[in-house]
Each structure stands twice: as C-alpha cells, then as structure tokens.
Amino acid sequence: MFEELTRLATQKEKFDIVVADPPPFVKSKKDLEPGTKAYRKLARLAAEVTAPNGILLLASCSHNIPLERFASECAAGISRGGRNASLIRTAGAGPDHPAHPMLPESAYLKALVYALD
C-alpha cells in the first residue's frame, strides 16, 4: 500500500476521491506508537494523490487507537503532505455493526472524511 501510493505520487497521479481503509495498524497497546506513525504516513501519502478539491476518507479498525489520536495523526499526515483540509464527517460503524454498550472495544471502527484544498 505504501509503495503503491508512493509510486502514484511520484507519477503525479491524482484522484477526485481517495479511500484509505488499511488493516489494523494498532493490534495491541504495544503497537500504538508505530501504528500512529503508519496512520500519519498513510494520511500523507493519500493526501498527495488526492486531487485539488478532492475527498479523502481515512479509516481505522484498530480498537487500541482512540478516535482523538487517530484524528490527530491523520491531520498531521495531511499537513505533512502539504495539503489543507476540512474535516467534513466523522463516522463509525453502520447500523449493521452495532457496538455493545458494555464493551467499548466493540466500537472500534472509525472513519474521517476530509475535503482537501
């Protein structure tokens, strides 16, 4: 994924809509720091291939990264990609994937939708 995004950016490819939905980068608490770096890198690379006035969706299925940290790393990555963005939607799982009220870890799906400059 990182190699392909790098190749696309090198070739100056641009897409109106980019969806980055990777496998979990933070499978356990010990993976938090390397995982956050991976989300930041993914956001940077995905922003680089998003066209001006394009839409970028970044998703995570890692329970061990809180939404606030995920959003912070994504924003940092987009900025490092030299882009300005507006967060236009924050979402989680749909109604077909309910979270159990007594199991906060069941609410692990996160999605951020940005409009890029």
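Carbon and sulfur: what percent of the chain's accessible surface (1.4 Å probe)?
On the way: 3870 of 6790 Å².
Answer for the chain is 57 percent, counting heavy atoms of protein chains only.
Return the single residue from Lys37, Lys29, Lys14 with maximal mean-square fluctuation; model: Gaussian network over the chain, springs between Cα atoms under 10 Å. Its mean-square fluctuation being the largest, the pick is Lys29.
Taking every DSSP bridge with both residues inside the chain, close to 70 percent are antiparallel.
To one decimal place, what Kirkwood hydrodynamic radius in Å is obtained for segment 38-117 from all pairs of distinct Cα atoms? Mind showing how you got there, number by number?
Working: mean 1/r = 0.0770 Å⁻¹.
After inverting the mean inverse Cα-Cα distance, the result is 13.0 Å.
Entry comment: accessible area of segment 1-110 is 60 Å² per residue, from protein heavy atoms only and a probe of 1.4 Å.
Order 65-75, 40-50, 85-95, 103-113 from most to least packed using the mean count of other Cβ atoms within 10 Å. Don't skip to the end; give the middle numbers.
Details: 65-75: 18.5, 40-50: 23.5, 85-95: 11.8, 103-113: 16.0.
Answer by packing, highest mean first, reads 40-50, 65-75, 103-113, 85-95.
In order along segment 46-56, the Karplus-derived 3J(HN,Hα) couplings, from 6.51 cos²θ - 1.76 cosθ + 1.60 at θ = phi - 60°, round to 5, 5, 5, 9, 8, 5, x, 6, x, 10, 10 Hz, and Gly and Pro are given as x.
The values are calculated or read from the model by the stated rules, or taken from the named source; none is laboratory data. Here the structure is a predicted model, which means the values were calculated and not measured. Every residue, glycine among them, receives a Cβ derived from its backbone with ideal geometry; neighbour counts consider all protein chains shown. In case anyone asks, the SASA skips ligands and DNA or RNA and just uses the protein heavy atoms, side chains included. Shrake-Rupley method; radii C 1.70, N 1.55, O 1.52, S 1.80 Å.
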